[in-house]
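This report refers to the structure that appears directly beneath it.
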């Protein structure tokens with residue numbers, strides 16, 4: 001079970017129409033998995049954090065998510081270094097992909113300096 005997060009883009013003040021850009025997904029027992037967008041420079045958690053500041057973040061249920069809450073959530077509970085109360089560390093999507101049939105996608109997946117997994121492909 002997991003939750004996808006998005007940032008609203010191209011927001012219209014009049015009709016409230018907007019587009020959604022996929023930030024990534026939080027899944028139980030895993031570090032946050034980011035959608036990397038190289039052409040926009042969104043290739044690290046630090047870049048995403050700067051990009052999201054002052055923007056509207058929503059989850060897949062269209063619930064508004066506070067920026068500070070989101071940063072704390074990603075950096076604490078969804079951190080690659082987080083260890084839960086039973087002593088289990090968050091799993092890494094990158095490590096999983098390396099060991100799977102998807103290992104040929106290595107040019108589409110990477111880990112940033114903070115240890116978060118990024119993928120160029122769309123996922124849900």
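Worth a mention:
- Projected label points at residue 53 and residue 120, each 7 Å from Cα along the beta carbon direction, are separated by 2.9 nanometres.
- Diffusion coefficient, µm² s⁻¹, Stokes-Einstein with Kirkwood Rh over alpha-carbon pairs of the range 2-119 at 20 °C and 1.002 mPa s: 143 µm²/s
- MRE, 222 nm, helices only [DSSP H, n ≥ 4, -39500 (n - 2.57), over the chain, to nearest 500]: -5000 deg cm²/dmol
- Proxy reagent accessibility, fewest Cβ within 10 Å first, across 45, 69, 30: 69, 30, 45
- At R0 = 41 Å, FRET efficiency that the Cβ-Cβ distance of residue 61 and residue 82 yields, to 0.05: 0.95
- As a proxy for reagent exposure, ranking 25, 49 by other Cβ atoms within 10 Å from fewest up yields 49, 25.
- You can think of it this way: the chain between residue 16 and residue 69 has 16.7 nm of extra reach, that is 0.36 nm per residue less the Cα-Cα gap.
- Cα gyration tensor category, rounded, prolate or oblate, for the range 21-84 with a/c compared to 1.5: oblate
Bear in mind that the values in this text are calculations on the coordinates, not laboratory data. Just so it is clear, the model here is predicted, and its values are computed rather than measured. Don't worry about glycine lacking a Cβ; one is built from the backbone with ideal geometry, like all the others, and counts go over all protein chains shown.
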